[in-house]
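Chemist: Just passing along the structure, written as structure tokens.
The values are calculated or read from the model by the stated rules, or taken from the named source; none is laboratory data. Every value quoted in this text rests on a predicted model; they were computed, and no experiment measured them. Cβ sites come from the backbone with ideal geometry, for glycine too, and all protein chains shown count toward neighbours. These accessible areas exclude ligands, DNA and RNA; they are computed on the full protein's heavy atoms, side chains included. Shrake-Rupley method; radii C 1.70, N 1.55, O 1.52, S 1.80 Å.
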Amino acid sequence: MTTSIVNSEKARRELEKSFSSDINNPEIKLKHIIKSLPRECFQKDSRQAWMTVVVNVLMVALGYASLVFAPWYLLPFAWIFTGTALTGFFVIGHDCGHRSFSNKHWVNDLVGHLVFAPLIYPFHAWRIGHNYHHKHTNKLDYDNAWHPIRPEAYENSSPTWKVILKTFLTNKLWWIGSVGHWAMIHFDPNNFLEKDRAKVKQSITVVAVFAAIVFPTLLITTGIWGFIKFWVVPWLVYHFWMSTFTYVHHTAPDVPFERATKWNEAIAQLSGTIHCNYPAWVEFLCHDISVHVPHHISTAIPWYNLRKAYSSIQENWGSYLHEECNFSWSLMKQLTDECQLYKEDSGYLTFKEYETGK
């Protein structure tokens, strides 16, 4: 048993004396949870970080090799594998954005731009916006990664947007949500504070240069079908996982979104973040992004320490955690069937319930 584990056990016992088991206990602060974690959870391992990059590059290369050589009837499997491996690139960039890949900011920025470029994702635009999500997780009208649509917001929408919102929320189209988020937010510097716009423009330039070189080359050498085969479909698979991870991490019929005056940061991260188990090959290729609760406790925890941190959280704060779930079609059907609109203080309701109650 290490010193840090001993210290975390002492912290846990002290905290248990201080707090009741009330899930809405306003005395719980995020710093209390962070202090209870073993120190090893926050230690960066440059060898592990760079090995992750090497393995991920090899997996993406394997994916593209499979697209080159696979017969037509195996292409769906090759697409799924390649797109999932590309999602691993995102997770590496995700650690870079939180400065948990390296102690040097320039290394985080360089690696982040390199792994985001094939995804046509402006690194700084994503980094700045995503950090805002961590500060306002499950806060109604503030969380910018995913937040439910309130009935009054739906009512005040234009007729066109009403059709779009209802179609999206009732027809199992959660998997394209990330595409809309990517397109509408990350390419307009005016969506960001003036102090951040120079960096946002820099990141937009990086992906523009990548696209200007790679896309014409791909079209000239492989044609339109090659462009679709080698980039569009794997990219859509990547967005499937982006949409799914984001949606499932913070959505369940019993997970509340609170207005700012009632919102508790620690409770939101502990109880409003859901651990979902995915197939082992997905968790391997996506570097345990599904082990999401500790990441919301502290973004300083590198991906390879998430499971260690989660074990500690389960032991010390288990009564506050939402029940785990397993990724499946039945899970996605339940979420999309039940979590369509959100009414403050009463929770989710379906469009049918909303229209009946009008």
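Chemist: Name every residue in region 168-195 that is open to solvent by 60 Å² or more (accessible area, probe 1.4 Å) and out of contact with any helix residue (DSSP H, G or I) (no Cβ under 9 Å at 6 or more places or on another chain), in order of residue number.
Modeler: 194, 195 - these are the residues of region 168-195 that are open to solvent by 60 Å² or more (accessible area, probe 1.4 Å) and out of contact with any helix residue (DSSP H, G or I) (no Cβ under 9 Å at 6 or more places or on another chain).
Chemist: So which of 57, 68 is at pLDDT 95 or above and either farther than 27 Å from residue 299 by Cα or outside any helix (DSSP H, G or I) (or both)? Before you say what the answer is, go through the steps one by one.
Modeler: Values: 57 fails: either farther than 27 Å from residue 299 by Cα or outside any helix (DSSP H, G or I) (or both).
Just one listed residue meets the conditions, 68.
Chemist: Right, here's the next one. If we scan region 196-207, do we find a residue that is surrounded by 11 or more Cβ atoms within 10 Å (Cβ to Cβ) and farther than 19 Å from residue 130 by Cβ?
Modeler: yes
Chemist: For region 250-280, what are the residues that are at pLDDT 95 or above and farther than 29 Å from residue 103 by Cα?
Modeler: 276, 277, 278, 279, 280
Chemist: What do you reckon, is residue 95 of a type in the set (Asp, Glu), surrounded by fewer than 22 Cβ atoms within 10 Å (Cβ to Cβ) and closer than 24 Å to residue 306 by Cα?
Modeler: Answer is no for this residue.
Chemist: Something else now. Looking only at region 167-188, which residues are farther than 13 Å from residue 144 by Cα and either of a type in the set (A, V, I, L, M) or under 17 Å from the mean Cα position of the chain (by Cα) (or both)?
Modeler: Applying the first criterion (farther than 13 Å from residue 144 by Cα) to region 167-188 yields 167-176, 179, 183, 187-188.
169, 173, 174, 175, 176, 179, 183, listed by residue number.
Chemist: Filter region 82-110 for residues that are more than 29 Å from residue 265 (Cβ to Cβ) and of a type in the set (Val, Ile, Thr) and give the result.
Modeler: Across region 82-110, the qualifying residues are 82, 84, 107.
Chemist: Pick out, from region 119-205, the helices (runs of 4 or more DSSP H) lying fully within it that include 1 or more residues that are touching a Ser or Thr at 6+ places or on another chain (Cβ under 7 Å) and touching a residue at least 24 places away in the same chain (Cβ under 8 Å). Reasoning before the result, please.
Modeler: On the way: elements: 123-135, 151-155, 159-170, 177-185.
Once the helices (runs of 4 or more DSSP H) in region 119-205 are filtered for at least 1 residues that are touching a Ser or Thr at 6+ places or on another chain (Cβ under 7 Å) and touching a residue at least 24 places away in the same chain (Cβ under 8 Å), what remains is 123-135, 177-185.
Chemist: Test residue 261 against the criterion of being outside any helix (DSSP H, G or I) and crowded, with 20+ Cβ neighbours inside 10 Å, and give yes or no. Outline the logic, then answer.
Modeler: Working: outside any helix (DSSP H, G or I): yes; crowded, with 20+ Cβ neighbours inside 10 Å: no.
Spelling it out, it is not the case that residue 261 is outside any helix (DSSP H, G or I) and crowded, with 20+ Cβ neighbours inside 10 Å.
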